[in-house]
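Notes follow the structure.
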Amino acid sequence: MVYTLSREVKYGMYTVKELARLTGLTPRTLRYYDGIGLLRPGRSRENDYRLYGPEEVDRLQQILLYRALGLPLEEIRRILDEPDFDRAGALREHLGRLRERRREVEQLICTVRATLESIEGGTSMTDQEKFTGMKQQVIRENEAAYGQEIREKYGDTAVDAHNRRISAMPQQEWEQMKREEEGYKAALRRAAEAGDPSGADAREAVRLHAAWLAHYWPENAVTPQAHAAMTAMYTQDPRFAAYYEDIVPGGAVFLDKAVSAYYQA
């Protein structure tokens, strides 16, 4: 079937179906964006169709770029609706993040390739090489989950420096961090099943959780006050709540209670 542009498209205006064809989105998605106030089209005087002009197309580009970076729709709307939103600055930020993601993917590709060569008898890998790609993946996941809050609190310079330290982390420390992560998860499950946020398992979960966080946060940043503020925030933010819900049902709320009990003891 030959697709013919409407008269509006020729003048830079798109209907829902035409913009969907242009972007690869579905009409339902565009209507949803309209419904939540993220992307509001104008209306045709002739037939009351939704019409998207150059400003809406530019805004949709920004929406899709932010979505590619993993931001939730509500956060994207807040950013784009700021009165002093700087489109050029946002694009520069996008470019920087995409370049960083490319470096991470390239590093992972190198790690997988080297691992395959080692398995198939081509070459051997050092222990440091085995973990380099994995550390980059952890940094990326940590940025997605915690980056905004930590950067607002401590600043980009401190967090970037800390990410570089994670990248250069020796194998022994990396393995210690992973043991602490698995340890606090196991202790949290036991404590939640027992239902005692001040018991021995709960205290062990809090201790290991703080030690695990310390590998990611700036040096000496995991104070009792900061730890308690962080776990309280877990209960309010669906992203964090979902992470701890995967560990144990009600995990975020229980961990918050355990942290409060730990530091009040």
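The values are calculated or read from the model by the stated rules, or taken from the named source; none is laboratory data. Predicted model, so just to flag it, every value in this text is computed and none were measured. No Cβ is skipped: glycine too gets one built from the backbone with ideal geometry, and neighbour counts run over all protein chains shown. Please note that ligands, DNA and RNA were not included when accessible areas were found on the heavy atoms of the full protein model with its side chains. Shrake-Rupley method; radii C 1.70, N 1.55, O 1.52, S 1.80 Å.
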**Output for region 209-227, where each listed residue is in a helix (DSSP H, G or I) and closer than 20 Å to Glu143 by Cα** = His209, Ala210, Ala211, Trp212, Leu213, Ala214, Ala226, His227
**Filtered residues of region 162-191 (kept if open to solvent by less than 30 Å² (accessible area, probe 1.4 Å) and among the aliphatic types (A, V, I, L, M))** = Ile166, Met169, Met177, Ala187, Leu188, Ala191
**Request:** Provide a single number: the residues in region 69-90 that are under 23 Å from Leu22 (Cα atoms), surrounded by 11 or more Cβ atoms within 10 Å (Cβ to Cβ) and either among the basic types (Lys, Arg) or without any contact (Cβ under 8 Å) to a residue 12 or more places away in the chain (or both).
**Result:** 3
**Request:** Go through region 236-259 and give me each residue that's buried (at least 18 other Cβ atoms within 10 Å of the Cβ) and of a type in the set (Ser, Thr, Tyr).
**Result:** Tyr244
**Request:** Spot the failing condition for His215; the list is (1) closer than 17 Å to Tyr262 by Cα; (2) surrounded by 20 or more Cβ atoms within 10 Å (Cβ to Cβ), and only one is missed.
**Result:** (1)
**Message:** Quick check on region 36-95: of everything there that is farther than 22 Å from Ala144 by Cα and small (Gly, Ala, Ser), which residue is modelled with the highest pLDDT?
**Reply:** Gly37
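So that you can scan it fast, the table gives a plain yes or no per residue for (1) of a type in the set (Val, Ile, Thr); (2) over 16 Å from the mean Cα position of the chain (by Cα):
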site: Tyr216; (1), (2): no, no
site: Thr223; (1), (2): yes, yes
site: Ala226; (1), (2): no, yes
site: Val253; (1), (2): yes, yes
site: Ala258; (1), (2): no, yes
site: Gln264; (1), (2): no, yes
